[in-house]
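The next block holds one structure in the form of structure tokens; read it before the comments.
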Amino acid sequence: MTQAHPRTILHVDLDAFFAAVEQRDRPELRGKPVIVGGGGPHDRGVVSTASYEARAFGVHSAMPLRTAGALCPRGIFLPVDGAKYQAVSRQVMAVLRRFTPLVEPISIDEAFLDVTGSRILFGDGEQIGRQIKDEIRSAVDLTISVGVATTKLVAKIASDLRKPDGLVVVEPGTEAAFLAPLEIGRLWGVGAKLAEALRDYGVRTIGDLAGLPEDLLVRRFGKHGAALGERARGLDADPVGGRDPAKSIGHEHTFDVDTSDPDVIERTLLGMSEGVAGRLRDSGVKASTITVKIRDTTFRTITRQRTLPDPTDLTEPIFRTALDLARPEVRGVRIRLLGVTASGLGEREQLALFGLEDPRRRRAVEAADEVRHRFGERAITRARLVGSRLPAPFEHDPMSPLEARGIETDDGGRADGEPDDRDTQDDTTFAEDGLDVT
Ligand SMILES: [Mg+2]
């Protein structure tokens, strides 16, 4: 069926994501069979991702590591560095959001985009697909495979056909013909059992399934049957939907030694404001409300909140507001914990990208983001921090192991039994560790 106004949907999938990140970061691993997952070939876990070199030995995701070790004795086994992959994933999703606000991440390494409304700015689906491939390569030095189609279903099948570094475009009206020769197991919702049941009806390909009468499918498979027939013809009305957007983005820091030093407090607020602003930008949103949280040495906790005149994703206004709010509350008080949270989040207006704000400033901020992503949160040290003879707060203060790797600073010190009052403070990650990624 040809729709009067066909949608343009992209499915974007990073190629051998975890393994590719390791090969990117360690050139000596390039061209080698890299197997990411668990503790090595004698571990009881499974393969998370195998590099294409390892796949040549028959190694694949979800395979027991021991099997992988037997198939590929010279494989290089690496543990899953979830925090690192999450950080890269956030960069990738931020690139995708430059092309449309309609981005639906479905796992750490893949997402759907509805670019129907972006065609006027960026060209047709194929052109957008190429631009995204280029921008992801320059942002994170990784390859993706892209499927372009009128439905999520067909876009996802298309992206999988020419991995790695593929781009497969299915023109409107050709969905059924595109799917017809493909093996039935490629269709969503058709697992091994259903494929076996369909074999009884002579179904080997998606086209075979599309050719079965609908009443037969309904009689045999119930209401699922009708949907199956539609899918086999490439029909899938499912819209690209965002996940529930994060309600707030926040950082907290617990001091190793309670402090009343105004310099330390100020620099800590600055460091956290910088982190919050960076994550707002990564997520493509601006915040209209800033909240500071202050816990003193007696565990008395207060929060102070202010709505900004203009929503922002920049450090300066967040820091100014946080400092204003905190200053009267911290004077002469020994402080145990500080937090800065941004809420009232809204999509950054597309138009802002095209001239409604100072483009030089935006570019400078984005350049700083690049450095921050590449070297971790603490790489960007503002003149204000450098100018002080005191070390920057995050270098000075002991860090949790995760923080020491420069990843998340949210729960600086909750290990020591702080009450967990951050339940609205979910951040913007969607990664699932140990996920089967291909
Ligand atoms: Mg993938």
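Read-outs: derived from the displayed coordinates by stated rules, not from any lab. Model, not experiment: these values are computed from the prediction. Every residue, glycine as well, gets a Cβ built from its backbone with ideal geometry; the counts of neighbours run over all protein chains shown.
Provide a single number: the residues in the range 104-129 that are in contact with a Gly (Cβ under 7 Å, 6 or more places away or on another chain) and either of a type outside the set (D, E, K, R) or under 19 Å from residue 169 (Cα atoms) (or both).
First, the residues of the range 104-129 that are in contact with a Gly (Cβ under 7 Å, 6 or more places away or on another chain): 104, 115.
Checking which are either of a type outside the set (D, E, K, R) or under 19 Å from residue 169 (Cα atoms) (or both) leaves us with 115.
So the answer is 1.
Only one of 5, 42, 60 is within 16 Å of the ligand (Cβ to nearest atom), of a type outside the set (A, V, I, L, M) and not in a helix (DSSP H, G or I); which?
The unique qualifying residue is 60.
Can you find a residue that is closer than 30 Å to residue 230 by Cβ, away from the ligand (no atom under 16 Å from the Cβ) and touching a residue at least 12 places away in the same chain (Cβ under 8 Å) anywhere in the range 21-33?
No: the range 21-33 contains no residue that is closer than 30 Å to residue 230 by Cβ, away from the ligand (no atom under 16 Å from the Cβ) and touching a residue at least 12 places away in the same chain (Cβ under 8 Å).
When only residues in the range 45-57 that are within 23 Å of the chain's Cα centre (by Cα) and within 13 Å of the ligand (Cβ to nearest atom) count, which is surrounded by the fewest Cβ atoms within 10 Å (Cβ to Cβ)? Talk me through it step by step, then tell me what you get.
Of the range 45-57, the ones within 23 Å of the chain's Cα centre (by Cα) are 46-52.
In the following step, the residues that additionally are within 13 Å of the ligand (Cβ to nearest atom) were identified as 48-52.
On the way: 48: 26, 49: 30, 50: 28, 51: 26, 52: 16.
Looking at the filtered set, the residue picked out is 52.
Spot the failing condition for residue 37; the list is (1) small (Gly, Ala, Ser); (2) without any contact (Cβ under 8 Å) to a residue 24 or more places away in the chain; (3) within 16 Å of the ligand (Cβ to nearest atom), and only one is missed.
Every condition holds for residue 37 apart from (2).
Given (1) of a type outside the set (Gly, Ala, Ser); (2) surrounded by fewer than 17 Cβ atoms within 10 Å (Cβ to Cβ); (3) under 26 Å from residue 285 (Cα atoms), identify the lone condition not met by residue 7.
Answer for residue 7: the failing condition is (2).
Looking only at the range 93-137, filter to residues that are touching an Asp or Glu at 6+ places or on another chain (Cβ under 8 Å) and hydrophobic (A, V, I, L, M, F, W, C); which one of those is farthest from the ligand (Cβ to nearest atom)?
102
So that you can scan it fast, the table gives a plain yes or no per residue for (1) away from the ligand (no atom under 16 Å from the Cβ); (2) in contact (Cβ under 8 Å) with a residue 24 or more places away in the chain; (3) in a strand (DSSP E or B):
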| position | (1), (2), (3) |
| --- | --- |
| 139 | yes, yes, no |
| 142 | no, yes, no |
| 161 | no, no, no |
| 173 | yes, yes, no |
